[in-house]
Amino acid sequence: MKLSVLLTILALMFQGFSTKLFLVQATVLPPEINNHVVIAEVQTAGVIKGTSAEEFISLFNPTSQDIDITGWCIKYSPANNGLTFNTLTCVNPPDDQTEIWLSEGGYISFATEEFTMANINYVSDYSFKPKLASTGGHVILVDSKDSKTNKEIDRVGWGTAVTPETKAFDIESTVGSTKLFGRDLGNDVIDTNDNNVDFSAEKLQESIPSDIYEKQIAVDVCPNIEGLQEVLPSGYFLSSDGTSCLTVPLEDSTLLVTELLPNAPSYDSGKEFIEIYNPNKESVDL
């Protein structure tokens, strides 16, 4: 929705004794509020006593494009801290040549073993050890591909959390049900950066889809040769350190010296020659 703001600009222009007043109509656009992956749901405990380890977190991609989430991590901090975070789990690929992508409008989920055992319809993408406190805490989503920056993507604080986004979600509103709260993903405005506005008590869905997929990274095996070389080109071999491609040495082909005249009679210079014979069944590049 566009916001129209009437800006009154007083411009005093001293031209003799005259003063002029100008009214300018301007249009101000709201900030981008759904242009990044968000924390969609958090469950800090189950319904009954003894289910405090049944924890669950899901992420949602509200954007119009698939997003590379390789190396992203879910981190937790107690309610009275909010500055020092411990890693719960990360989106780690199976190898260095693979990326993990989250589809547009898609989900990825993380759960404890206790949650998965209690909810057999849920097959989480990644697991983590129980850590979340029901009374309050903070969960953040961090892009940890670059360990030096650890860019924070999203954050939610609940209960007695001291550093939420604006105001912590009121965890007491979940009394009598699972300690589960989430966003209204049917609303275009899904992230106002106020946890108590964006989140509400929810009931556990029957299941949640997995919308991640793997993408293979194209590897240039010969970075010293122009163009992308995904396989070793004919006539080349890898250097011992594997960082470049070298041409196959000419000495791999056998040639014969058949005649040699090093010093012709009566001549101290010139009149010399060497004859080379190729016994192979193919031409040899000299």
Rotationally averaged projected area of region 131-210 (alpha carbon convex hull; nm²): 6.8
DSSP bridge pairs, region 68-221: antiparallel proportion in percent, nearest 5: 90
Radius of gyration and maximum dimension Dmax of region 64-118, Cα, Å: 14.1, 40
Which of SER173, SER52 has the fewest Cβ neighbours within 10 Å, and the rest in rising order: SER173, SER52
Three-way shape call for region 74-206 based on the alpha-carbon gyration tensor, with the a/c threshold at 1.5: rounded
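Give me ILE212, ILE48, ILE153, ILE276 sorted ascending by neighbouring Cβ count inside 10 Å, so fewest comes first.
Going from least to most buried by this count: ILE48, ILE276, ILE153, ILE212.
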Residue order, fewest to most surrounding Cβ atoms within 10 angstrom, among SER244, SER64: SER64, SER244
For region 190-252: span of alpha carbons on each principal axis (Å, largest first): 76, 28, 20
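Since every read-out is calculated from the coordinates, none of them should be taken as a lab result. Because the structure is a prediction, the values reported are computed rather than measured. Positions of Cβ are backbone-derived with ideal geometry, glycine not excepted, and every protein chain shown enters the neighbour counts.
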